[in-house]
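J.: Before we start, here is the structure in question, set down as structure tokens.
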Amino acid sequence: MADLDERFRSLSRSGSPDLWRDIETREPRFGIPPTPGVHRALAAAVALVIAIAGIGLAAVTFGGSEPATGTSGSLLGPKANGEIWFRVGGGEGGSRIDAVAPDGSSRRVVFSTDDGSHRSRISFSPDGSRIAYDNYVVGGTGIGTANLDGSEAVRLTDGVNDSWPSWSPDGTQILFSSTSYDPSIGRCEAGSPHEFDCPTDIYVMDADGSNVVRVTSDAADEFMPVWSPDGSTIAFVRNTEKASVPRPAIFTMRPDGSDVLLVAHTRGRATAPKWGTDGRTLYFPNCQRDEDGGNCEIYAAEVRN
């Protein structure tokens, strides 16, 4: 630190720059008449800010290269991404869930089809310790939860059309779509676009499967619910037309089902909304058929609170 001390002593021996003459000749702003006292106070404030900035820069330059830490001792800055989970297969054959590191290495099979299950639409709990998923296997349908390695699996619901689970930000509740309001409704055909005609509504339950509450009761099909980051709003898809080619649109509502608002309605299929980290923007794919057979693009829409 001897070199740093010598730098400051050298600075203290330097003469102060004459700022007053330059400042006093400048035009006043906002119609406030200039006064020498105001100018001198302003110049002093500017000089103080510059001095503080210089000290901070010197401390960073000469104080070592250790990264800054927060009050808890953790490094400041964005957290590293975890594994990327994705579905393999589908179509006419079976499918499984695999995972890979963000750099493409360490690929592994998370859930195979060897146990007869058909886990899909996986949703991670906020702390990353559990997943929620739906299962289309006859005799095992419904929403389930499990650890990341598939252990401690718990079946929460048994509805034949229960799907699209989504954890609340605090991890205490799970949203999902279901036809449980009418047990006479049979099993809907899985997969897009068939399931868009499944007359589901949106439900919420505690993370252990208790206290199931129906949130929506509109005649239109509703599915793909997802919580906003602060838990104050739910985005979901509503099939706005009962037709051979349904036309889903993006809506939002409060957790109790009130204050339903249309966010985006396109000529194609607006589905699968995802919240931005700001909690005010929804991102979603919009797919529509054209002369080439099909076209999908990513859209963004601002949510009105």
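J.: When only Cα pairs under 8 Å and 6 or more residues apart are kept, what is the percent relative contact order across the stretch 115-302?
T.: It comes to 11 percent, rounded to a whole number.
J.: For a quick protection proxy, order the peptides 268-274, 107-113 by their average other-Cβ count within 10 Å, most packed first.
T.: The peptides rank, most packed first, as 268-274, 107-113.
J.: Hey, can you grab everything whose amide H is under 5 Å from the amide H of V110? Only 5+ residues off in sequence or another chain; H modelled, so Pro and N-termini drop out.
T.: Under 5 Å from the amide H of V110: I97, D98, A99.
J.: Additional query: Sort F251, F176 by Cβ crowding within 10 Å, fewest neighbours at the top. Show your work: numbers first, answer last.
T.: On the way: F251 24, F176 29.
Lowest to highest Cβ neighbour count: F251, F176.
J.: Sticking with this one: Using the count of nearby Cβ atoms within 10 Å as a rough guide to exposure, how do L261, L175, L156 rank from fewest to most? Show your work: numbers first, answer last.
T.: Details: L261 14, L175 24, L156 20.
In order of increasing Cβ crowding within 10 Å: L261, L156, L175.
J.: List M224, M253 from most exposed to least, where exposure is judged by having the fewest other Cβ atoms within 10 Å.
T.: Values: M224 25, M253 20.
Ascending Cβ contact count within 10 Å gives the list M253, M224.
J.: Run the dipole for the stretch 115-302 about the Cα centre, Lys and Arg Cβ at +1, Asp and Glu Cβ at -1, nothing else charged, and hand back the magnitude in debye, nearest 20.
T.: Value, rounded to 20: 200 debye.
J.: Let me ask something additional. Test of understanding: extend the Cα→C-beta vector of Q288 to 7 Å, then name every residue of the stretch 246-265 with backbone N under 15 Å from that spot.
T.: 246-250, 264-265
J.: Can you give the local net charge around V213? Use residues other than it whose beta-carbon is closer than 15 angstrom to its beta-carbon, Lys and Arg +1, Asp and Glu -1. Walk me through the numbers before you get to the answer.
T.: Working: positive: R214, R254; negative: D162, D201, D206, D208, E222, D256.
The answer is -4.
J.: Sticking with this one: Based on alpha-carbon positions alone, could you give the equivalent ellipsoid semi-axes of the stretch 115-302 from the gyration tensor, as √(5λ), descending, whole Å?
T.: 25, 20, 16
J.: Here's a follow-up. Kirkwood Rh, Cα Rg: Rg to Rh for the stretch 155-196?
T.: 1.02
J.: For Y181 paired with T113, estimate the spin-label separation in nm (one decimal), with each label point 7 Å from Cα along the Cα-to-Cβ line.
T.: It is 3.4 nm.
J.: If you plug each phi of the stretch 209-215 into the Karplus form 6.51 cos²θ - 1.76 cosθ + 1.60 with θ = phi - 60°, what whole-Hz ³J(HN,Hα) values come out, in order, with x for Gly and Pro?
T.: x, 8, 6, 6, 10, 7, 9
Bear in mind these aren't lab numbers, they're just calculated from the coordinates by the rules spelled out. Please read all numbers here as calculations on a predicted model, not as lab measurements. Methodologically, a virtual Cβ is constructed for each residue, glycine included, from the backbone with ideal geometry; neighbour enumeration extends over all protein chains shown.
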